[in-house]
Every structure is written in C-alpha cells, then in structure tokens.
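Novice: Would you mind keeping the following structure in view while I ask a few things?
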Amino acid sequence: MEGARDVNVIKLDEEFFAEFYDELQEMGMDKNQLRRCIQCGMCAGGCPMALAGLEYFIKRIVHASILGLKEIFLDDSSVWGCQSCNRCVEVCPMDVRPYELIQAIRRVCFREYAMPSNTIDGLRNYYEQGHAVIMKGYEERRQKVGLDPVPPTTIGNEELRKKFQEVMKATALAEVAPFPLE
Amino acid sequence: MKRIGLFLGCNIPLRRPDIEYSMRYILKEFGVEVVDLEGATCCPAFGTMPSVDLVGWCVGAAWNMAIAEEKGVDMITGCGSCYGSLNEARYHMEKHPEIKEKVNEILAKGGKKYEGKVKVWNVYNYLYEVIGLDAIKEKVKYPLNEMVLGIQVGCHNLWPSKAHTSNDDDVFHPKRLKEVCEALGGKAPEYSTMLDCCGMGALGSLAKEKSWNLFLNKVEKMRAEINPELLVTGCSSCLLRFDNDQAQMKKEGLIDWEVPAVHVAQLVALCLGAEPEKAVGLAEVPIEGIVEKIRGGK
C-alpha cells in the first residue's frame with residue numbers, strides 16, 4: 001500500500017487556474033460561464049462522445065477545464081472527436097454552453113500544435129481551394145447526374161478564390177496556420 | 001417569383017451532386033428561382049476555422065452570407081453542418097456587434113460586406129414553411145403509398161435552437177421532416193433512437209470504429225422497432241453515413257442487411273417525377289427496387 005504522501009495532489013488555487021482560464025477567455029469561453037457548471041450530467045446523457053466511448057466526453061471535459069487541467073487536452077484527443085451536435089448546449093440547465101468550451105479548448109490546443117493531422121489537411125484544403133473536403137472525381141460524378149462538371153464555388157473561380165485567400169490571410173490563420181499561406 | 005441562393009458546401013457538390021441535382025429540381029418544380037452563389041466556399045466546417053478562431057470562423061461564414069446579400073436572396077443548404085456553422089456564426093455576430101465589426105474590417109480586403117440580413121434555410125424547413133405541405137401534396141406525381149420510412153433529422157438541423165431562425169417547435173420531438181414525408185404519402189413512425197447522432201463528422205475521422213458503432217446502434221434499433229423500407233435524412237452528412245458508409249459496412253461484412261437511403265430533397269424529387277438516374281444516381285446501397293416501387297406506385 002502506498003501512503004497518503006504519494007497521492008497526486010493538485011493545488012487548486014487561483015494562480016493554478018489563471019493560465020488556462022485566461023487562454024480559454026481569449027479563445028471565446030468566459031470563465032464565469034464555465035464555472036456555472038454543477039456537474040449534473042445532462043450534457044453527457046446524449047453526448048455522442050460519451051455514447052461512442054471516448055475517455056473524455058463533455059461532462060468530464062467541462063470538469064477538467066474547471067480544474068484548469070490544460071495538460072489533459074494536449075495529451076488526449078477527445079475534444080477533436082466532438083460532433084458539434086450542440087445537444088449539450090440545448091439541454092444545459094446552467095447555460096454553460098459546453099460546445100463553446102470545446103471550440104475554445106481546440107483553439108488553445110491549435111496554438112500548441114496539439115491537433116490531429118486530418119484537421120490540418122482540412123484547413124489547408126479550405127484555404128487553398130475554399131473547400132475543406134474535396135473528393136477526387138467530382139467532375140465525372142457531377143456530369144453523371146446532369147450538372148456542370150465544376151460547381152459555381154471558389155474551386156472553379158480563381159479570381160474569387162484569390163480574394164477569399166486575401167481575406168483569410170487577414171484572420172488569425174496568418175499567425176497560427178501550420179502551413180504557408182501562399 | 002420566389003428566389004433563393006443555393007449554398008452548396010463541400011460534400012453535396014463534390015461527393016453527392018445527386019443531392020444538388022435534386023435540390024435544383026424540386027425548387028424549380030415549386031416555382032422558386034435558384035440563384036447560384038458564385039465564389040462561395042465551405043461553410044466553414046466545424047473542424048476548420050471554428051476550431052482555430054472565433055472571428056476567423058465568422059469571417060468565413062460571413063464571406064458566404066455576403067454573397068447571398070449581394071444578390072438579395074436568402075440561402076438554402078442541404079447539409080446540416082453548413083446549416084449549423086452558418087447559423088451559429090450569424091448568431092455570434094448578431095449577439096456581439098464587436099465581432100461583426102471586426103469581420104467587416106477583414107472582409108473589406110476582399111471587397112465584401114456582411115450586413116446580417118440573410119436567413120439560412122435547410123431543405124425540409126424551407127419546404128415546410130415556405131412551400132407548404134399542401135403545395136407538396138398537389139405536386140406529387142408518384143405518392144409513396146404508405147411506404148415506411150426511417151427518418152433521420154440530423155443534430156445540426158435542431159440544435160442549438162437559439163441560433164436557428166426556422167426550426168421545429170419542440171426540438172426533442174421534431175415533426176417537420178416527418179410531416180414533409182407524410183405529404184409525399186409515406187409513413188414515418190417514431191423510434192427510440194431517432195435523435196441519436198449518426199456518427200458522421202469529426203468522430204468518424206478520430207475513431208472510425210466507435211463512430212460506426214453509433215450508426216449501427218441507431219439503425220439496428222430502428223429496424224427492430226419500425227422496419228423501414230427506406231431511410232430518409234434531413235442532412236447530407238447523415239446521408240454519407242446512412243448510404244455510403246452503410247454500403248462499406250456491408251462490404252466489410254459488419255452487417256448482413258441493407259436499407260437504401262436518400263436525402264429528403266432526393267425523395268421529394270423522386271415523388272415529383274425527377275429522373276432517378278439523376279436524383280439518386282450516386283446511391284451506393286442498391287436503390288433500384290425502391291425507385292421501381294415509387295414510380296410504379298400510381
């Protein structure tokens with residue numbers, strides 16, 4: 001048996017909380033909003049992350065955030081499995097808006113380059129073509145169902161695509177993109 | 001004449017353009033002019049700009065909504081993720097004028113301005129509220145003759161309700177998609193897993209097997225309870241899971257059953273008389289039997 005001295009104790013003082021709270025605040029999640037959570041579990045009831053069996057589903061993510069445990073999210077990828085379904089926002093009796101927390105955590109992790117590689121691929125496609133998801137062979141599929149081979153989006157319109165990229169270069173993407181914005 | 005801006009997104013024009021064909025077809029049939037939104041982009045999808053920066057997300061969404069505003073039209077999308085991302089960004093900008101102001105400073109670099117006038121519709125809400133169930137009933141050429149449908153509304157179409165300008169009255173007991181299906185002559189019984197997530201989306205990329213299990217749990221319960229002949233989704237991402245991924249699960253021997261699946265726009269198109277090769281021409285779970293039944297139904 002290990003003695004009490006070996007128990008991992010987290011010192012829960014304001015100084016400990018401050019850093020992660022400040023970062024979350026900067027990324028769109030107010031700490032007072034976060035601290036309204038009473039851990040009732042309404043959010044977890046229908047959370048796809050919980051139903052799918054991810055270790056950190058919404059209730060645990062809110063809990064860990066209240067405790068300022070940023071390291072968890074740098075090591076564990078559960079927040080990137082959130083389906084953005086917003087059911088948690090709909091049912092939360094304290095109006096914590098848990099999905100807004102997920103997004104804020106992702107933004108904090110993104111700035112530490114702690115995100116799955118497919119996130120980078122989607123973002124690069126979005127910047128370069130204007131579409132996050134591009135499946136090869138779309139021209140043939142479109143023609144098969146009687147449509148023009150190229151849709152009227154940025155993918156077939158270089159002039160507007162360039163303008164779109166100029167706009168995106170003026171966002172936070174310019175500072176944090178893990179690829180060059182050419 | 002009614003006009004509406006067709007917001008395509010990514011999966012509809014590039015992977016399942018049979019949904020795009022169907023949307024164009026039904027809008028035209030109902031006397032609505034379809035306005036193309038040239039230079040529109042991805043909504044942006046939740047795993048892209050929304051996960052990077054709040055203002056950046058709003059910039060991406062406002063780029064698209066500004067195109068519709070330039071043309072003086074509202075927008076319609078068949079994709080739940082687009083519906084959610086655009087509406088949530090619109091809501092953030094409406095609630096926080098300082099975000100909207102920053103967004104417009106940035107948009108100006110591309111010669112665009114977002115005013116906040118545009119309304120973003122999904123297909124079944126537009127059919128329900130703007131076209132109307134009676135007009136749908138009148139136009140039906142091939143009624144469904146009480147075919148049993150397993151309906152999948154789609155999370156983003158319902159929640160967060162505060163961000164949506166058009167929605168079911170009770171977002172935990174949705175009726176609108178059901179009533180649109182009934183206007184086509186179908187039956188859409190409730191089942192216990194109706195509101196469960198289909199598993200498509202970020203979870204599919206992060207943990208494929210776990211996300212497939214969500215679909216299997218949902219549909220196997222649905223089959224046991226209501227035994228549908230056809231699955232009908234209100235969202236194109238759900239359709240990718242219900243059709244394309246279902247076909248893959250069959251191929252891999254995970255399931256020994258098949259239930260064809262369509263997006264609600266495709267079902268309306270079939271019932272109105274669209275050519276099946278175009279309206280459901282890219283379905284992967286065999287759908288010929290259902291098409292034959294629908295077209296032979298009258």
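The values are calculated or read from the model by the stated rules, or taken from the named source; none is laboratory data. As the structure is a computational prediction, the values presented were derived from the model and not from experiment. Here Cβ is always computed from backbone atoms with ideal geometry, including for glycine, and neighbour counts include all displayed protein chains. For the accessible areas, the whole protein counts, side chains as well, though only heavy atoms, and no ligand, DNA or RNA atoms are used. Shrake-Rupley method; radii C 1.70, N 1.55, O 1.52, S 1.80 Å.
Novice: Mind checking which helices (runs of 4 or more DSSP H) fall wholly inside segment B:1-77 and carry at least 3 residues that are open to solvent by 30 Å² or more (accessible area, probe 1.4 Å) and more than 9 Å from chain A (Cβ to nearest Cβ)?
Specialist: On the way: elements: B:11-14, B:17-29, B:54-71.
Fully inside segment B:1-77 and qualifying: B:17-29.
Novice: Could you list, in sequence order, all residues of segment A:83-98 that are without any contact (Cβ under 8 Å) to a residue 40 or more places away in the chain and assigned to a helix (DSSP H, G or I)? Even if it seems obvious, please write down each step before you answer.
Specialist: Filtering segment A:83-98 down to residues without any contact (Cβ under 8 Å) to a residue 40 or more places away in the chain leaves A:83-86, A:89-90.
Answer for segment A:83-98, where residues must be without any contact (Cβ under 8 Å) to a residue 40 or more places away in the chain and assigned to a helix (DSSP H, G or I): A:V89, A:E90.
Novice: To continue, here is another question. Exactly one condition in (1) touching a residue at least 40 places away in the same chain (Cβ under 8 Å); (2) open to solvent by less than 10 Å² (accessible area, probe 1.4 Å); (3) under 30 Å from A:C37 (Cα atoms) is false for A:M168; which is it?
Specialist: Exception for A:M168: condition (3).
Novice: Among (1) farther than 21 Å from B:R15 by Cα; (2) more than 7 Å from chain B (Cβ to nearest Cβ); (3) open to solvent by 50 Å² or more (accessible area, probe 1.4 Å), which single condition is A:Q129 missing?
Specialist: Tallying (1) farther than 21 Å from B:R15 by Cα; (2) more than 7 Å from chain B (Cβ to nearest Cβ); (3) open to solvent by 50 Å² or more (accessible area, probe 1.4 Å), A:Q129 fails exactly one: (1).
Novice: Are any of the residues in segment A:172-180 surrounded by 16 or more Cβ atoms within 10 Å (Cβ to Cβ), facing chain B (nearest Cβ under 8 Å) and under 24 Å from B:R16 (Cα atoms)?
Specialist: There is no residue in segment A:172-180 that is surrounded by 16 or more Cβ atoms within 10 Å (Cβ to Cβ), facing chain B (nearest Cβ under 8 Å) and under 24 Å from B:R16 (Cα atoms).
Novice: Those residues that are among the hydroxyl-bearing types (S, T, Y) and either open to solvent by 60 Å² or more (accessible area, probe 1.4 Å) or at positive phi (or both), I need them from segment A:98-126; list them, please.
Specialist: Initial filter on segment A:98-126 (among the hydroxyl-bearing types (S, T, Y)): A:99, A:113, A:117, A:119, A:126.
Residues satisfying the conditions are A:Y113, A:S117.
Novice: Hey, another quick one. Within segment A:139-169, count every residue that is part of a helix (DSSP H, G or I), more than 7 Å from chain B (Cβ to nearest Cβ) and among the charged types (D, E, K, R).
Specialist: To start, the set of residues in segment A:139-169 that are part of a helix (DSSP H, G or I) comprises A:139-144, A:154-156, A:158-169.
Pick out the ones that are also more than 7 Å from chain B (Cβ to nearest Cβ) and you get A:139-140, A:143, A:155-156, A:158-159, A:161-162, A:165, A:168-169.
Checking which are among the charged types (D, E, K, R) leaves us with A:139-140, A:158-159, A:161-162, A:169.
Total meeting the criteria: 7.
Novice: Take B:S85 and decide whether it is open to solvent by 20 Å² or more (accessible area, probe 1.4 Å), polar (S, T, N, Q) and in contact with a Gly (Cβ under 9 Å, 6 or more places away or on another chain).
Specialist: Here the answer is no, as B:S85 does not meet what is asked.
Novice: Oh, and also: Given the conditions (1) at pLDDT below 95; (2) within 12 Å of another protein chain (Cβ to nearest Cβ); (3) part of a loop (DSSP other than H, G, I, E, B), report the number of the one that A:L51 does not fulfil.
Specialist: (3)
Novice: Here is a follow-up. Only one of (1) in a helix (DSSP H, G or I); (2) over 13 Å from B:G60 (Cβ atoms) fails for A:K136. Which number is that?
Specialist: With (1) in a helix (DSSP H, G or I); (2) over 13 Å from B:G60 (Cβ atoms) applied to A:K136, the lone miss is (1).
Novice: Follow-up question, since we're still on this one. I need a count of the residues in segment B:174-222 that are closer than 22 Å to B:S161 by Cα, free of Cβ contacts under 8 Å to residues at least 24 places away in the same chain and either open to solvent by less than 70 Å² (accessible area, probe 1.4 Å) or not in a loop (DSSP other than H, G, I, E, B) (or both).
Specialist: 2
Novice: Something else: Restricting attention to segment A:55-82, report how many residues are part of a loop (DSSP other than H, G, I, E, B), open to solvent by 20 Å² or more (accessible area, probe 1.4 Å) and touching a residue at least 24 places away in the same chain (Cβ under 8 Å).
Specialist: So the answer is 3.
Novice: Can you tell me which residues in segment B:151-173 are open to solvent by less than 10 Å² (accessible area, probe 1.4 Å), assigned to a loop (DSSP other than H, G, I, E, B) and at the interface with chain A (Cβ under 8 Å from one of its Cβ atoms)?
Specialist: B:W159, B:P160, listed by residue number.
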